[in-house]
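Enquirer: Got a structure here, written out as structure tokens. Questions coming.
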Amino acid sequence: MKSQTDRTGPPASVGEALGQSEAFLGFQERLTRVAKINRPVLLIGERGTGKELAAARLHFLSNRWQEPLIALNCSALTPSLMESELFGHEKGAFTGAEQRRTGRFEAADKGTLFLDEIGTIPMEVQEKILRVVEYGSFERVGGTACIEVDVRIIAATNADLSALVIEGRFKQDLLDRLSFEVLLLPALREREGDIVFLSNHFAVRMAFELGREEVPQFSYGAITALENYSWPGNVRELKNVVERAVYRSDSSLITDIVFDPFNSSHGQDRPGKEEHRVKKDKFSTEYLMNKPFNEAIQELKIRLLVQALKQSKYNQRKAARILGLTYNQFRGLYRKFYDDIKA
């Protein structure tokens, strides 16, 4: 993917990097700070946390934003193709090389090269990348001419590169050169408040795509399920789950959340999935049964009020509708439990 060189300024926004949690905003602040520094950046994060979006934001906030942004998923290539893909090759360099080909480094000259899943790059190719980082030059496969380039590298991985160094699978020198700054993308489960925020965003977009006029609303049970799930696939998984729930629902009130479509298709759990099912909910039936009846009911009411307020972005009339209450009924409960709600 390349930026357009005829623009007068960088794009107003890049992709769907959305959130309002302290963890998310802190990450974005660190990213913005390093974006204009012409040095390599290493992005570390679980699958689905948005490493490619972060790389694009780094590029478009940098002084190179008018130049190419070239991306390569290193895990998608065999070791034999990796060198040619990165550095290009001369005609006749190997069987099938019928003409000269420009590699990703040349294509990214003056711009940014994003290397995703960098931990999968073979050691012999790492040597050549290290030379480009140190000297800004390389040779095409099968060639002898020295090609000079000015490229900023942004690398990403979900692997432990330090462990790969110890195992002899990643060069320490290259790791040192690429880690001028290391940015850790927060997992969705660590982004307090963002699950509901993003769920509403994805739900509204899906409803619009389906041509529905009513704004989707999540039931208390649906919100609880979304918040208690551990999200091993992070934002990418959340987007799929919410969009599936909206399209399957016959009304604007979303009540059924299916985390694993394979389970819903076959009516049984897949092995190995249980560890991601649900985090323990302190408002479970077991928890409430251990309390006096009136105290348990009061805690449940407070929990429902808090969740409805969060879901409605603290619009009390909307919160009342979510709970099926009149506005006056909601206001009465809100005043009664005000201190507990604000705690």
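Enquirer: With a 10 Å Cβ neighbour count serving as the proxy for reagent exposure, in which order, fewest first, do THR102, THR49, THR120 appear?
Expert: With the sparsest Cβ surroundings first, the list reads THR102, THR120, THR49.
Enquirer: On to the next question. Return, ordered by residue number, the residues of region 139-165 whose backbone nitrogen is under 16 Å from a label point located 7 Å along Cα→Cβ of ARG39.
Expert: Of the residues in region 139-165, 152-155 have backbone N under 16 Å from the label point off ARG39.
Enquirer: Dipole of region 22-186, Cα-centred, from +1 at each Lys and Arg C-beta and -1 at each Asp and Glu C-beta, to the nearest 20 debye?
Expert: Dipole of region 22-186, to the nearest 20 debye: 360 debye.
Enquirer: Here is a further query. Which distance in Å, rounded to a whole number, links the C-alpha centroids of region 35-52 and region 179-197?
Expert: Taking the Cα centre of region 179-197 as reference, the centre of region 35-52 is 12 Å away.
Enquirer: To make sure I understand the rule: partners must be aspartates and glutamates, Cα under 19 Å from the Cα of LYS91, and not fewer than 8 residues away in the same chain. Which ones qualify?
Expert: Of all the aspartates and glutamates, those that pass the test against LYS91 - Cα under 19 Å, at least 8 places apart if same chain - are GLU83, GLU106, GLU139.
Enquirer: Could you check the spin-label model distance between LEU18 and VAL258? Points 7 Å from the Cα along Cα→Cβ, value in nm.
Expert: 2.3
Enquirer: Neighbour counts of other C-beta atoms within 10 Å: give me MET82, MET123, MET206 arranged from fewest to most.
Expert: So the residues, fewest neighbours to most, are MET123, MET206, MET82.
Enquirer: Mind giving me the nanometre distance, one decimal, between the label points for LEU53 and GLU167, set 7 Å out from Cα along Cα→Cβ?
Expert: The modelled label-to-label distance comes out at 2.9 nm.
Enquirer: Sticking with this structure for a sec: Once you put a point 7 Å from the Cα of ALA159 and another 7 Å from the Cα of ARG205, both along the Cβ direction, what distance in nm separates them?
Expert: So the two model labels end up 3.0 nm from each other.
Enquirer: Ordered by residue, what ³J(HN,Hα) values in Hz, to whole numbers, does region 124-137 give under the Karplus form 6.51 cos²θ - 1.76 cosθ + 1.60, where θ = phi - 60° and Gly and Pro are x?
Expert: 5, 6, 4, 4, 5, 5, 4, 5, 5, 5, 7, 10, x, 8
We did not get these values from a lab; they are worked out from the coordinates using the rules stated. It should be emphasised that the depicted structure is a prediction, and the values quoted were computed from it without experimental measurement. Neighbour counts run over all protein chains shown; Cβ positions are idealised from the backbone, glycine included.
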